[in-house]
Amino acid sequence: MSTAFLLNGRAVEADGHPMSRLLDVLREQLGHTGTKEGCGEGECGACTVRLDGSPVLSCLVPLFQCAGRRIETVEGITAAPEGPLRDALERFVATGGVQCGACTPGIVVTLASLLASNATPSREEVRTALAGNLCRCTGYEGILRALAPAEPER
Amino acid sequence: MNGIGASPPRPDGFAKVSGAARYLDDLSLPGMWHGATLRSPHAHARIRSIAWDAALAPDGAVCVTVGDLPGPNGVQLIDDGWPILAGAFTHHVGEPVALVAAPTRLAAQQALQAFTVTYEPLDAVLSLEAAEALPPLYQLGMDSGDVDAALARADLVVEGEYRTGHQEHIYIECNGMIASYAEDGALTVLGSMQCPYYVQKALTHALGLADEQVRVRATTVGGGFGGKEDFPSAIALHAALLARACGRPVKLVYDRHEDIVCTSKRHPTLVRHRTGVTRDGRLAALDIEILMDGGAYTTLSSVVLSRALLHSFGPYRCADVRIRARALRTHTAPNSAFRGFGAPQVEFAIERQMDRIAHRLGLDPLEIRLRNAVAPGDRLPTGQILDAGTSALPCLEEVARRTRFRERRQELEAARARRAAEGDEDQNGAEPRRGIGLSLYFHGAGFTGNGERMMKSPVTARLLPDGRIEVLTAMTDMGQGCSAVFPQIAAAAGGLLPEDVTFAEPDTAEVPDSGPTVASRTTMIVGGLIARVTAALRDRVLEGLPGHTVRDGWIESPAGRVERFRDAARRLRAEHGPVELTLRHEPPAWQTFDETTYRGAAYPTYAWGADVVEVEVDPDTLAVRPLQVTAVCEVGRAIHPTLCAGQIEGGTLQALGWALLEEMKLEDGRYLNDRLATYVIPTILDSPRIDVHLLESHRDGGGPFGGPFGAKGVGELPMDGGAPAVAQAIENATGIGVPAIPATPERLLAWQRAGQTPGGVR
């Protein structure tokens, strides 16, 4: 069975059972391996993609729900970033936001969604937005430094 | 700026941000099949029979059982006592019993249904208490002075028992391997791993292949923390056995549930302390017993136990010390390497014991540590005389100054006393209780004892035809950032520009065996070799040019710049053909260690740290929220301060997770928290603000320990300090004694009811 949707702005058709996980369709059928599986049950956020502009967990999204909708993956979101997202991605590496990188695509997608509605989020707003994205390497500090304005040394 | 002490962007950074970085599960080979593993549902059982009904399996699926092994049924690590597949018995839930391969992942899972296994369940040993009476997997001891006499002389003897639990690594990328055979019988394995040569040795040992027939390549590693030290060897063997059986490449990737069920964890540990102290709070005798739960097979428990023994006395002075350490056998998956490698458990125990002693003597936690912390020139109980970079006191003083620890603690103690006096300690709906806690810790960097001397790790450098220097090591970047730090070291040591140096991928067909990416040895030991070999190759290019040096990528004579180094190197390479140098690590001659008595210098040097943690405890639920951590760590020299601080930030949060949230509950040998929905690691909302301050004892270069530019190993250090500091902070907030972690609300309530206080049971 074929399901048509927009993937990073391009019309695609995916074959598969309507209950196939979007995560598997993206990775195995459409070659978009930037989206990662960390737990397969919606706990870790590594598989986050945007569906019609909102972040969703692609391990919990069945293929049939994607029909006619807009899917954006980390590859699309980082291809030509603009404005606050571009600035944040440039800082992200410099501030130590990336270590092993397995959680990073999901975090980038979540942050892109946050920045689309709030160009200058506070530390607390970033923490709230990232509540569903687990990182085991950084202690989150490097990620927060990329986004939130530096506070004066105490 | 790319010099030592600068923080250039890591070279793999943008590929990771954009999703372009390729991890194992992102790869696919032509004709590749998928593997799956049949696992024991029993903690201990005799395997009566294994039957495979091909008619029940998807078309073409193949299976591998223990009878199909071409060689010894053992994963070669220190020894090969860990079975590749269960033989006549299964010794833990999740132990691999048989393997299947099929064209798709789903078909491989379905093929598992074609097996019928008959088990005869047997009694299982599932606790340290039950295991204590049985023969241990391994045991060690160390004696210094006369402990019994010192205990008899002491003004006060304080006893304590401290426990820590399992911890699961939760690298975000689960374990996975792809194995493929070429037509000539050569085997190539790709995978997520810390130690390519461990995997190669396991494959040659079990499959009867020669070194040159087995090529192991590490893909981008999505986190390790020790969890990809030994386990990848077993998975690589499984994938290779399946590839051999089906004649195709086979991918074997664990999902999160399987990864938690069957892979190794941090050793649960029980430490018993009996400590003699003088009236003024000085340690007179340490009598320590360490019990570690090794699980079903020894794997790396002997070396974990060794490191535990050597950190169990903490960063404190004491001449009369007796330590007895045992790794015990239980029917759970083998416990093995996890960041800190035995040290976090025993440092939790000694720090808790110091707090108990302080409480008995009416001293505060800072004072007891100031009176006992080691200083340069002091002896550890092993007899090792500590070097000039010994920084326990500077760390302690700096963290106390930055946090106003003593004043803040007194304020919070007074608030608690006031609440108790007013009788509103147990009032429902009251304000959260604040508490502050402090810890002091140290970590021996590099392999324990004579490990580095026996290994004599090589690193190779060679000139490329374009005049760049290529450095070859077997180290993998599992996130810690050696791909950024190594080029900094090579460029600085050679007087080169970063673009003059390149690093080979960790591939056993190309790189020498520079040892495993473990034990906080990557920057300190292998980085030191990189500095030496790069400088030696530069000197080779400078031969025949007396008085010349290389700076910023230029060859300079006393009169000034002569030519680009790369131009001279390219010429040499063109005229002479391959130019290559290999150097081996040689520990300093003074670093000798007796493996039987445990006396001597167990580590070339130590890194030091002190943490202060402030927490909030809900008086109704006893839920603990860490608010702020200040970590002061002495690392010799930070090559890349952003990545160095990143290690401390991440390690600190892992320690807090272990201390507060991460609890592995067992029922009949089965982990109940076998998924991320139930095994809870800290989210960003559970995480405190973490302020890291680096002290650098060797900013001017050199040092007595041989790390490049004075750098000490840092990866594991931060795992040692968070848990004891948070336990002390909970006591400060609530008055409830915390003898074990994780300090979950359920346990805090039980301890409160049992009368646990900071001084012991009331």
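Can you pull out every residue in the range B:7-23 that is over 24 Å from A:Asn8 (Cα atoms) and more than 7 Å from chain A (Cβ to nearest Cβ)?
Selection gives B:Ser7, B:Pro8, B:Pro11.
Checking the conditions here, which among B:Val635, B:Val617 is crowded, with 20+ Cβ neighbours inside 10 Å, in the same structural domain as B:Ala415 (by TED's automatic domain parsing), under 22 Å from the mean Cα position of the chain (by Cα) and not hydroxyl-bearing (Ser, Thr, Tyr)?
Of B:Val635, B:Val617, the one residue that is crowded, with 20+ Cβ neighbours inside 10 Å, in the same structural domain as B:Ala415 (by TED's automatic domain parsing), under 22 Å from the mean Cα position of the chain (by Cα) and not hydroxyl-bearing (Ser, Thr, Tyr) is B:Val635.
Is it true that A:Ala131 is without any contact (Cβ under 8 Å) to a residue 40 or more places away in the chain, surrounded by fewer than 20 Cβ atoms within 10 Å (Cβ to Cβ), under 21 Å from A:Leu23 (Cα atoms) and out of contact with any Pro (no Cβ under 6 Å at 6 or more places or on another chain)? Outline the logic, then answer.
On the way: without any contact (Cβ under 8 Å) to a residue 40 or more places away in the chain: yes; surrounded by fewer than 20 Cβ atoms within 10 Å (Cβ to Cβ): yes; under 21 Å from A:Leu23 (Cα atoms): yes; out of contact with any Pro (no Cβ under 6 Å at 6 or more places or on another chain): yes.
Taking the combined requirement at face value, the residue satisfies it.
Condition first: out of contact with any helix residue (DSSP H, G or I) (no Cβ under 9 Å at 6 or more places or on another chain), surrounded by fewer than 20 Cβ atoms within 10 Å (Cβ to Cβ) and facing chain A (nearest Cβ under 9 Å). Can you find one or more residues in the range B:679-686 that meet it?
Checked against the condition, which is being out of contact with any helix residue (DSSP H, G or I) (no Cβ under 9 Å at 6 or more places or on another chain), surrounded by fewer than 20 Cβ atoms within 10 Å (Cβ to Cβ) and facing chain A (nearest Cβ under 9 Å), the range B:679-686 yields no hits at all.
Which residues, counting only those in the range B:379-427, are among the acidic types (Asp, Glu) and surrounded by 14 or more Cβ atoms within 10 Å (Cβ to Cβ)?
Of all residues in the range B:379-427, those among the acidic types (Asp, Glu) come to B:387, B:397-398, B:407, B:411, B:413, B:422, B:424-426.
Once the filter is applied, which keeps residues that are among the acidic types (Asp, Glu) and surrounded by 14 or more Cβ atoms within 10 Å (Cβ to Cβ), the range B:379-427 yields B:Asp387, B:Glu397, B:Glu398, B:Glu413, B:Glu425.
Please specify each residue of the range B:663-678 satisfying the condition of being more than 16 Å from B:Glu746 (Cβ to Cβ), in contact with a Lys or Arg (Cβ under 9 Å, 6 or more places away or on another chain) and more than 12 Å from chain A (Cβ to nearest Cβ).
B:Tyr671
Residue by residue, here is whether (1) without any contact (Cβ under 8 Å) to a residue 60 or more places away in the chain; (2) under 30 Å from B:Gly669 (Cβ atoms); (3) surrounded by 19 or more Cβ atoms within 10 Å (Cβ to Cβ) holds:
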{"site": "B:Arg10", "(1), (2), (3)": "no, no, yes"}
{"site": "B:Phe14", "(1), (2), (3)": "yes, no, no"}
{"site": "B:Tyr23", "(1), (2), (3)": "no, no, yes"}
{"site": "B:Leu27", "(1), (2), (3)": "no, no, no"}
{"site": "B:Pro30", "(1), (2), (3)": "no, no, no"}
{"site": "B:Trp33", "(1), (2), (3)": "no, no, yes"}
{"site": "B:Thr37", "(1), (2), (3)": "no, yes, yes"}
{"site": "B:Ser40", "(1), (2), (3)": "no, yes, yes"}
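Applying the selection to the range B:298-320, what residues are over 20 Å from B:Ala392 (Cα atoms) and either of a type in the set (Val, Ile, Thr) or within 19 Å of the chain's Cα centre (by Cα) (or both)? Before the answer, list the steps.
Our first condition is that a residue be over 20 Å from B:Ala392 (Cα atoms); within the range B:298-320, this holds for B:298-306, B:320.
Passing the criteria: B:Thr298, B:Thr299, B:Leu300, B:Ser301, B:Ser302, B:Val303, B:Val304, B:Leu305, B:Ser306.
Kindly list the number of the only condition in (1) at pLDDT below 95; (2) surrounded by fewer than 14 Cβ atoms within 10 Å (Cβ to Cβ); (3) on the phi < 0 side of the Ramachandran plot that fails for B:Pro604.
Unmet condition: (2).
Give B:Arg401, B:Arg433 a once-over and let me know the one that is free of Cβ contacts under 8 Å to residues at least 12 places away in the same chain and of a type in the set (D, E, K, R). Spell out how you get there, then give the answer.
On the way: B:Arg433 fails: free of Cβ contacts under 8 Å to residues at least 12 places away in the same chain.
Sole residue among the options that is free of Cβ contacts under 8 Å to residues at least 12 places away in the same chain and of a type in the set (D, E, K, R): B:Arg401.
Which of the strands (runs of 3 or more DSSP E) contained wholly in the range B:91-178 include at least 2 residues that are of a type outside the set (Gly, Ala, Ser) and under 30 Å from B:Phe341 (Cα atoms)?
The strands (runs of 3 or more DSSP E) meeting that bar are B:96-102, B:138-144, B:156-164.
Every residue, every condition in (1) under 41 Å from the mean Cα position of the chain (by Cα); (2) assigned to a strand (DSSP E or B); (3) assigned by TED's automatic domain parsing to the domain that holds B:Pro512, yes or no:
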position: B:Val550; (1), (2), (3): yes, yes, yes
position: B:Glu556; (1), (2), (3): no, yes, yes
position: B:Arg561; (1), (2), (3): no, yes, yes
position: B:Ala568; (1), (2), (3): no, no, yes
position: B:Ala574; (1), (2), (3): no, no, yes
position: B:Trp590; (1), (2), (3): yes, no, no
position: B:Pro604; (1), (2), (3): yes, no, no
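Go through the range B:180-198 and count every residue that is closer than 16 Å to B:Gly71 by Cβ and in contact (Cβ under 8 Å) with a residue 60 or more places away in the chain.
Number of matching residues: 1.
So in the range A:1-36, with the set limited to residues that are among the charged types (D, E, K, R) and in contact (Cβ under 8 Å) with a residue 40 or more places away in the chain, which one is farthest from the other protein chains (Cβ to nearest Cβ)?
Restricting to residues being among the charged types (D, E, K, R) and in contact (Cβ under 8 Å) with a residue 40 or more places away in the chain, the top hit is A:Arg21.
Filtering the range B:26-44 down to residues that are within 27 Å of B:Thr332 (Cβ to Cβ) and either small (Gly, Ala, Ser) or not in a loop (DSSP other than H, G, I, E, B) (or both), which residue is farthest from the other protein chains (Cβ to nearest Cβ)?
Quick first cut of the range B:26-44, residues within 27 Å of B:Thr332 (Cβ to Cβ) only: B:35-44.
Keeping just the survivors that are either small (Gly, Ala, Ser) or not in a loop (DSSP other than H, G, I, E, B) (or both) gives B:35-40, B:43.
Values: B:Gly35: 16, B:Ala36: 15, B:Thr37: 17, B:Leu38: 20, B:Arg39: 18, B:Ser40: 23, B:Ala43: 25 Å.
Here the answer is B:Ala43.
Take the residues in the range B:499-515 that are small (Gly, Ala, Ser) and touching a Leu at 6+ places or on another chain (Cβ under 9 Å); name whichever of them is surrounded by the most Cβ atoms within 10 Å (Cβ to Cβ). Before the answer, list the steps.
Taking the range B:499-515 and keeping what is small (Gly, Ala, Ser), we get B:504, B:509, B:514-515.
Next, only the ones that are touching a Leu at 6+ places or on another chain (Cβ under 9 Å) stay: B:504, B:514.
On the way: B:Ala504: 16, B:Ser514: 28.
If we take residues in the range B:499-515 being small (Gly, Ala, Ser) and touching a Leu at 6+ places or on another chain (Cβ under 9 Å), then B:Ser514 is surrounded by the most Cβ atoms within 10 Å (Cβ to Cβ).
Quick test of your reading of the structure: A:Cys66 fulfils all but one of (1) more than 11 Å from every other protein chain (Cβ to nearest Cβ); (2) in contact with a helix residue (DSSP H, G or I) (Cβ under 7 Å, 6 or more places away or on another chain); (3) within 13 Å of A:Leu147 (Cβ to Cβ). Name the failing condition by number.
So the condition that A:Cys66 fails would be (3).
Suppose the filter is modelled with pLDDT of 95 or more, aliphatic (A, V, I, L, M) and within 30 Å of B:Phe348 (Cβ to Cβ); does B:Ala149 pass it? Even if it seems obvious, please write down each step before you answer.
Details: modelled with pLDDT of 95 or more: yes; aliphatic (A, V, I, L, M): yes; within 30 Å of B:Phe348 (Cβ to Cβ): yes.
Yes.
Report yes if B:Ala417 is in contact with a Gly (Cβ under 6 Å, 6 or more places away or on another chain) and at pLDDT below 95, otherwise no.
no
If you go through the range A:78-99, how many residues are within 7 Å of chain B (Cβ to nearest Cβ), in a loop (DSSP other than H, G, I, E, B) and farther than 15 Å from B:Ala645 by Cα?
Number of matching residues: 1.
Give the residues of the range A:39-77 that are in a loop (DSSP other than H, G, I, E, B) and touching a Phe, Trp or Tyr at 6+ places or on another chain (Cβ under 9 Å), sorted by residue number.
First, pick out the residues of the range A:39-77 that are in a loop (DSSP other than H, G, I, E, B): A:39-47, A:52-53, A:58-61, A:67-69, A:73.
Within the range A:39-77, A:Ala67, A:Gly68, A:Arg69 qualify.
Hey, among the residues in the range B:355-399 that are in a loop (DSSP other than H, G, I, E, B) and charged (D, E, K, R), which one's farthest from the chain's Cα centre (by Cα)?
Quick first cut of the range B:355-399, residues in a loop (DSSP other than H, G, I, E, B) only: B:362-364, B:374-378, B:380-382, B:384, B:386-391.
Those left that are additionally charged (D, E, K, R): B:364, B:378, B:387.
On the way: B:Asp364: 31, B:Asp378: 27, B:Asp387: 24 Å.
Across the range B:355-399, the extreme among qualifying residues is B:Asp364.
Here are the criteria: (1) under 30 Å from B:Gln384 (Cα atoms); (2) within 23 Å of the chain's Cα centre (by Cα); (3) in a loop (DSSP other than H, G, I, E, B). Tell me which single one B:Gly609 does not satisfy.
The number of the failed condition is (3).
From (1) closer than 26 Å to B:Pro11 by Cα; (2) crowded, with 24+ Cβ neighbours inside 10 Å; (3) among the hydrophobic types (A, V, I, L, M, F, W, C), pick out the condition that doesn't hold for B:Leu472.
If we test B:Leu472 against (1) closer than 26 Å to B:Pro11 by Cα; (2) crowded, with 24+ Cβ neighbours inside 10 Å; (3) among the hydrophobic types (A, V, I, L, M, F, W, C), just (2) comes out false.
I'm trying to understand the selection: among the residues of the range B:65-90, which are part of a strand (DSSP E or B) and either under 25 Å from the mean Cα position of the chain (by Cα) or buried (at least 23 other Cβ atoms within 10 Å of the Cβ) (or both)?
B:Val75, B:Trp82, B:Thr90
Restricted to the range B:237-249, and to residues that are among the aliphatic types (A, V, I, L, M) and under 30 Å from B:Tyr679 (Cα atoms), which residue is farthest from the other protein chains (Cβ to nearest Cβ)?
B:Leu237
The values are calculated or read from the model by the stated rules, or taken from the named source; none is laboratory data. No experiment lies behind these values; they were computed from the predicted model shown. All Cβ positions, glycine included, derive from the backbone under ideal geometry; neighbour counts span all protein chains shown.
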